[in-house]
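Structure first, then comments.
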Amino acid sequence: QGLARHPVTGELWDAEHGPRGGDELNRVEAGRNYGWPVITYGMDYSGAYVSPFTALPEMEQPLEYWVPSIAPSGLAIYRADAFPQWQGDLFVGALVDRHVRRLDMEDGAVAAQQPLLGELGERIRNVKVGPDGYPYVVTDGAEGRILRLTPP
């Protein structure tokens with residue numbers, strides 16, 4: 001649902017849906033096996049197991065996974081000046097949780113997570129960093145909006 005290339009390192013990151021949980025954040029590397037559907041933290045929508053395995057040799061673990069599902073949408077890597085404290089952090093939209101989730105990245109791992117804009121109560125369809133250095137968020141309600149995040 002979300003794919004972003006790091007503007008400095010060139011790394012490719014993805015945020016993907018799992019069934020009823022098991023949504024994942026991965027740093028995508030050529031030749032690696034990310035396991036779906038052999039390994040997963042999610043359940044099928046029917047309630048049955050997609051797989052009984054969450055890990056197997058030769059298969060990559062996600063850098064982060066969400067159970068229950070946040071239903072990720074859109075992904076952005078922050079490398080701008082408007083929010084210096086967010087340098088290198090990832091932003092993922094959350095359709096089910098109805099917020100933008102900031103992933104505080106430290107040494108290539110998720111150190112903490114912070115929900116943003118949850119007070120809107122709107123599904124977040126996409127998030128991107130504009131050329132002006134501000135994060136932009138798209139909501140997908142009947143009166144969908146494009147919002148710009150600015151420092152307080």
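Return the FRET efficiency for the residue pair residue 49, residue 29: r is the Cβ-Cβ distance, R0 is 30 Å, and the value is rounded to the nearest 0.05.
Details: r = 27 Å, r/R0 = 0.91.
With a Förster radius of 30 Å, E is 0.65.
Would you please name the GluC sites (Glu not before Pro) within the stretch 52-152 that are DSSP coil residues with at most 15 other C-beta atoms within 10 Å of their C-beta? Kindly include the intermediate steps, with their values, before the conclusion.
Values: sites: 58, 60, 64, 106, 119, 122, 143; in loops: 58, 60, 122, 143.
Those that pass, being in a loop and sparsely packed, are 58, 143.
Less than 13 Å Cβ to Cβ from residue 119, Lys/Arg counted +1 and Asp/Glu -1: what total charge do the surrounding residues give?
Details: positive: 98; negative: 97, 122.
Once positives and negatives cancel, what remains is -1.
Can you compute the modelled spin-label distance between residue 104 and residue 60, with each label point 7 Å from Cα toward Cβ, in nm?
So the label points at residue 104 and residue 60 sit 2.6 nm apart.
Based on alpha-carbon atoms only, what is the radius of gyration of the stretch 1-149 relative to the globular estimate 2.2 N^0.38 Å?
Details: Rg = 15.6 Å, N = 149, 2.2 N^0.38 = 14.7 Å.
Dividing the Cα radius of gyration by 2.2 N^0.38 Å gives 1.06.
Using only alpha carbon pairs under 8 Å that are at least six residues apart, calculate the relative contact order of the chain and give it in whole percent.
Numbers: 374 pairs, mean separation 25.9, N = 152.
Averaging sequence separation for qualifying contacts and normalising by length gives 17 percent for the chain.
Given axes a ≥ b ≥ c from the Cα gyration tensor, I'd like to know whether the stretch 67-152 is rounded (a/c under 1.5), prolate (a/b larger than b/c) or oblate.
On the way: a/c = 2.03, a/b = 1.21, b/c = 1.67.
Oblate.
Would you please give the residues with an amide H less than 5 Å from that of residue 73, counting only those at least 5 places away or on a separate chain, with H modeled from the backbone geometry?
Counting only residues 5 or more places away or on other chains, the set is 93, 94, 95.
Between residue 119 and residue 82, take the C-beta separation as r, use R0 = 25 Å, and let me know the FRET efficiency to the nearest 0.05. Spell out each step's value before the answer.
Numbers: r = 21 Å, r/R0 = 0.83.
In this case the efficiency is close to 0.75.
Computed from the coordinates by the stated procedures, all read-outs in this text should not be read as laboratory data. Predicted, not measured: the structure shown is a model, and the values here were computed from it. Note that each Cβ is placed from the backbone with ideal geometry, even for glycine, and that neighbours are counted across all protein chains shown.
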